[in-house]
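To keep things clear, I will list the structure first and then write my remarks on it.
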Amino acid sequence: MVSMASHAGASSHAAGDRRLLRDEVDRVRTRLVAEGPEMSTVGQGERFAREGEGPGMELELTSDQEMFADTTRRYLAEKASVTELRARRHDPVGFDRSYWTKGAELGWTSLLVSEDDGGGTISGRQLSDIALLAFEFGRSAAPGPLVTSNVVASAISRLGTDEQKAATLPGILSGDLLASWCAAEPPPNDRLGTVTLEATARGAGFELNGRKQPVESASEASWLLVAAKMAEGLTQFLVPADAPGITISPMGGIDLTRRFSSVGFDGVWLESSAVLGEVGRATAELEHQLQVALVIELAEMVGAMDKAFEMTLEWAF
């Protein structure tokens with residue numbers, strides 16, 4: 001009887017997790033569509049396939065999605081074990097770069113990038129596929145810049161010029177290059193959505209001054225996607241991480257899976273071609289990026305909770 005009860009509890013929990021994940025994906029997609037075409041580009045052409053109707057319905061995986069999730073889980077079990085994670089607690093990177101490039105081969109960096117730009121989804125539903133991947137990351141407490149790499153790659157794919165795409169996407173998609181998302185700012189400007197870093201027109205380009213913090217994997221990044229305040233409105237810039245005037249200072253923390261830095265911009269001059277999208281038109285895009293990041297983070301949390309519940313059952317029974 002105990003075995004049957006535990007099995008029923010586990011099944012009920014798993015169903016609840018899938019409903020939670022489905023509801024969050026739906027909530028975000030509904031908001032993106034309601035905000036207008038700029039906000040809904042990630043959901044363009046997507047259909048979140050479901051079986052049945054009503055509040056009890058569950059997200060059904062395709063055979064390709066199941067294979068993708070299973071392959072990722074087995075790879076993480078081999079390459080991102082707890083022993084490996086603890087062994088790298090003092091490593092400034094936190095993971096072996098070959099681990100990330102192999103993950104990129106499995107599709108970790110390309111799910112939010114269009115096929116025309118070298119990406120592609122497993123099922124044709126971008127958010128569903130990236131949520132499956134993030135769920136497995138959460139279950140394994142896996143290291144690597146999953147959120148920041150995908151948010152930046154997605155933004156470049158949707159808004160970048162041909163030159164920007166050619167310079168960045170091949171390396172990001174292959175895992176050979178890392179790109180960091182510079183959206184958050186240090187206290188007292190750390191309220192969600194606050195941007196105080198300034199961009200000023202200087203000659204034929206722009207000058208950046210300010211600080212972003214925390215920035216994931218900045219010390220290993222080749223490119224930084226930076227949000228800045230201008231008189232015309234919020235603007236995003238695609239910045240080489242080694243540009244003169246940039247200082248990257250690693251931050252301490254207790255999270256063994258991620259490494260964060262404080263990134264300073266002191267008179268960083270950029271050509272006008274560094275603008276991603278349009279000058280003064282990045283407000284909706286930043287909101288879009290934040291919503292996508294939240295889907296990924298929440299899916300990771302659900303995966304971590306699923307693993308914690310599984311461990312609890314093993315200990316209890």
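The values are calculated or read from the model by the stated rules, or taken from the named source; none is laboratory data. On a predicted model such as this, the values are computed, not experimentally measured, just so you know. Here the Cβ positions follow ideal geometry from the backbone for every residue, glycine too, while neighbour counts run over all protein chains shown.
For the criterion of being at pLDDT 95 or above, among the basic types (Lys, Arg) and more than 27 Å from MET67 (Cβ to Cβ), ARG211 passes.
Any chance you could count how many residues in region 86-104 are surrounded by 13 or more Cβ atoms within 10 Å (Cβ to Cβ) and more than 16 Å from SER217 (Cβ to Cβ)? Number satisfying all stated conditions: 1. Each residue in region 141-197 was checked for being under 17 Å from VAL263 (Cα atoms) and hydrophobic (A, V, I, L, M, F, W, C), and 9 of them qualify.
Could you tell me whether LEU256 is modelled with pLDDT of 95 or more, at negative phi and under 22 Å from the mean Cα position of the chain (by Cα)? Taking the combined requirement at face value, the residue does not satisfy it. Of all residues in region 161-187, those that are part of a loop (DSSP other than H, G, I, E, B) have Cβ atoms under 7 Å from Cβ atoms of residues that are among the acidic types (Asp, Glu), 6 or more apart or on another chain, in LEU178/GLU220; ALA184/ASP190. Number of residues in region 284-305 that are charged (D, E, K, R) and either at positive phi or buried (at least 21 other Cβ atoms within 10 Å of the Cβ) (or both): the value is 2. State the number of residues belonging to region 201-226 that are over 15 Å from GLY264 (Cβ atoms), in a strand (DSSP E or B) and under 18 Å from the mean Cα position of the chain (by Cα). Adding up the residues that qualify gives 3. Any residue at all in region 150-159 that's without any contact (Cβ under 8 Å) to a residue 40 or more places away in the chain and not in a strand (DSSP E or B)? No, because not a single residue in region 150-159 is without any contact (Cβ under 8 Å) to a residue 40 or more places away in the chain and not in a strand (DSSP E or B).
In this structure, GLN164 does not satisfy being buried (at least 16 other Cβ atoms within 10 Å of the Cβ), within 18 Å of the chain's Cα centre (by Cα) and not charged (D, E, K, R). Looking at LEU270, LEU290, LEU286, LEU294, just one residue is assigned to a helix (DSSP H, G or I), under 28 Å from LYS165 (Cβ atoms), touching a strand residue (DSSP E or B) at 6+ places or on another chain (Cβ under 7 Å) and of a type outside the set (Lys, Arg), and that residue is LEU286. Looking across LEU294, LEU256, one residue alone is in contact (Cβ under 8 Å) with a residue 60 or more places away in the chain, in contact with a Pro (Cβ under 9 Å, 6 or more places away or on another chain) and farther than 17 Å from CYS182 by Cβ. It is LEU256. Scan region 196-209 and give yes if some residue there is among the basic types (Lys, Arg) and surrounded by fewer than 23 Cβ atoms within 10 Å (Cβ to Cβ), otherwise no. Checked region 196-209: at least one residue is among the basic types (Lys, Arg) and surrounded by fewer than 23 Cβ atoms within 10 Å (Cβ to Cβ). Do we find a residue being within 22 Å of LEU298 (Cβ to Cβ), part of a loop (DSSP other than H, G, I, E, B) and over 13 Å from the mean Cα position of the chain (by Cα) anywhere in region 125-133? Yes: region 125-133 contains one or more residues that are within 22 Å of LEU298 (Cβ to Cβ), part of a loop (DSSP other than H, G, I, E, B) and over 13 Å from the mean Cα position of the chain (by Cα). Checked against the criteria, THR196 does not count as more than 22 Å from ALA282 (Cα to Cα) and part of a loop (DSSP other than H, G, I, E, B).
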